[in-house]
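Below is one structure. I have some questions about it.
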Amino acid sequence: MTRDEAMRRIDRAAQENWTKLNLSGLDLEEVPSEIGKCTQLETFVLMESQFMPFQEKGKEREKRLTK
């Protein structure tokens, strides 16, 4: 599953006024900005993603630049 699937779910959630959106297991590296269309959300589930804490991202970037 991909970013395209995340976009499909976000669009549907916005159109149908979902209060819960699950984007788990889509291997996202970032939350699409379109999530802002889902103003009615009460619960947002995001597990099994490729996110790293901001500090860790900086360290990873630094490692790549110094190699």
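The values are calculated or read from the model by the stated rules, or taken from the named source; none is laboratory data. If you're wondering where the values come from, they're calculated on a predicted model, not measured in any experiment. As a convention, Cβ positions derive from the backbone with ideal geometry for all residues, glycine included, and neighbour counts pool all protein chains shown.
Quick one: what pairs do we get from the range 27-44, first residue in contact (Cβ under 8 Å) with a residue 24 or more places away in the chain, second among the acidic types (Asp, Glu) and surrounded by fewer than 13 Cβ atoms within 10 Å (Cβ to Cβ), C-beta under 8 Å, 6+ apart or different chains?
Asp27/Glu48
Going through the range 18-47 one residue at a time, which ones are outside any loop (DSSP other than H, G, I, E, B) and farther than 13 Å from Arg3 by Cβ?
Of all residues in the range 18-47, those outside any loop (DSSP other than H, G, I, E, B) come to 20-22, 33-37, 43-45.
Correct list: Lys20, Leu21, Asn22, Gly36, Lys37, Thr43, Phe44, Val45.
Within the range 1-31, how many residues turn out to be within 15 Å of Met47 (Cα to Cα), surrounded by fewer than 14 Cβ atoms within 10 Å (Cβ to Cβ) and in contact with a helix residue (DSSP H, G or I) (Cβ under 8 Å, 6 or more places away or on another chain)?
Of the residues in that region, 0 qualify.
Right, here's the next one. What number goes with the only condition from (1) out of contact with any Gly (no Cβ under 6 Å at 6 or more places or on another chain); (2) modelled with pLDDT of 60 or more; (3) surrounded by 10 or more Cβ atoms within 10 Å (Cβ to Cβ) that Glu48 does not pass?
With respect to (1) out of contact with any Gly (no Cβ under 6 Å at 6 or more places or on another chain); (2) modelled with pLDDT of 60 or more; (3) surrounded by 10 or more Cβ atoms within 10 Å (Cβ to Cβ), Glu48 is out only on (1).
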